[in-house]
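Reviewing the structure listed below.
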Amino acid sequence: MHPSTFINKAVITEEAPHFVPEHRFADFLIDDSLKQAIVAKGYKDPTPIQDRAIPHILRGADVVGVANTGTGKTGAFLIPLIHKLLLNRNDRVLIMVPTRELALQIADEFNGFAKNMQLYTTVCVGGASIGAQIAGLRRRPHVVIGTPGRLKDLLERKVLVLSAFKIAVLDEADRMLDMGFINDMRKILALLPTPRHTLFFSATISNEIEKLIGEFLHEPVRIKVATREIAAGIDQDIVRVPQGGDKLTILHDLLVKPGFDKVLIFGRTKHGVEKLSKKLIERGFKAESIHGNKTQGKRQKALDLFKRDHVQVLVATDVAARGLDISGVSHVINYDLPATREDYVHRIGRTGRAGKSGKALTFVE
């Protein structure tokens, strides 16, 4: 990609277009205890994807939702599905996601909505104890949230039986496709009972995703939420590294500047990310790292420390670019160039969220 790709000044407008929902949460035909939980979580008006999708999911229609991360799509499927579980506690829901972090994030959201409702979930992901997950499945949770590889493993061990799972959700379907999970996704979906209620959420719909939709969804309602590819409030620029220049020193000089309070740095490789994190710690920065070689426990600890502002810097591979809702990221720095335009968009989308401004910097050598 040409360096000009990474330069774009934030657009500051006096009047931003304001979405007016057709519904309020109080209007939805859902259990009163769920309405109270929504209020307790601080939700006010539905987001566009919630406003459009919840009524269709409540009436049992299959739904294809095209929406980016950060548009409220987790609530769009959890709210109506929790209502369905309250109506019939014998139903079971399977939620497939591409990454461990997104699985845990959805579980946290579920537990927030379903507090004191005696509804239970088990997260089944790689990098964590399979024994604990098997024990969780034996308690017959209402919702199983997992990554395709671990779900397939549990199915082969015959500890996950899908006969009771009449509701299935694929979240970030395009990302699962990119990560090579297409065959696992297809096998798992084929094992679910019919008829069933199936929901697909994806930022983009490729030909391969269309094939899955044709195979496994019945006359789905298609909902597309118009969102900017890149939020208008993200100021994008490049950091030129002169020939023979020291990238680490340039990064150091940036991180000590005022305003670099909560910085997400992206590197290309697992080894490179870990090495950079350690070098920053040696230089006195509070830093953590997230990559595929870390155990799930260490990844979650690093993410929690960053979310709670206990560390200034989180260095990550592209595993952190999607599906993670981290509030207040002041800067995203592409220390290594992204492989594709799509990767770039997802990386810098971690800043400038919820109407706030953000800064994205890309190192160009």
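Quick notes on this structure:
- Some residue of segment 202-209 being assigned to a loop (DSSP other than H, G, I, E, B), small (Gly, Ala, Ser) and buried (at least 20 other Cβ atoms within 10 Å of the Cβ): yes
Conditions (1) of a type in the set (Asp, Glu); (2) more than 17 Å from Ile7 (Cα to Cα); (3) at pLDDT 80 or above; (4) in contact with a Gly (Cβ under 6 Å, 6 or more places away or on another chain), marked per residue:
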| residue | (1), (2), (3), (4) |
| --- | --- |
| Val313 | no, yes, yes, no |
| Asp325 | yes, yes, no, no |
| Gly352 | no, no, yes, yes |
| Gly358 | no, no, yes, yes |
| Glu365 | yes, no, yes, no |
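- Among residues of segment 43-70 that are assigned by TED's automatic domain parsing to the domain that holds Leu102 and closer than 17 Å to Phe113 by Cα, those with a Cβ under 9 angstrom from a residue that is assigned to a loop (DSSP other than H, G, I, E, B) and of a type in the set (A, V, I, L, M), sequence gap 6+ or separate chain, pair up as Asp45/Val20; Thr47/Ala67; Thr47/Val225; Ile54/Ile30; Leu58/Leu29; Leu58/Ile30.
- Scanning segment 255-304 for residues that are surrounded by 15 or more Cβ atoms within 10 Å (Cβ to Cβ) and of a type in the set (A, V, I, L, M) turns up Leu255, Val263, Leu264, Ile265, Val273, Leu276, Leu280, Ile281, Ala287, Ile290, Ala302, Leu303.
- Residue match in segment 142-159 (condition: surrounded by 21 or more Cβ atoms within 10 Å (Cβ to Cβ), in contact with a strand residue (DSSP E or B) (Cβ under 7 Å, 6 or more places away or on another chain) and among the charged types (D, E, K, R)): yes
- Condition met for Ile188 (surrounded by 11 or more Cβ atoms within 10 Å (Cβ to Cβ) and outside any helix (DSSP H, G or I)): no
- Checked against (1) over 24 Å from Ile238 (Cα atoms); (2) modelled with pLDDT of 90 or more; (3) in a loop (DSSP other than H, G, I, E, B), Val329 meets all criteria but (1).
The values are calculated or read from the model by the stated rules, or taken from the named source; none is laboratory data. Everything quoted here is computed from the prediction, not taken from an experiment. FYI the Cβ positions are ideal-geometry reconstructions off the backbone, even for glycines, and counts take in every protein chain you see.
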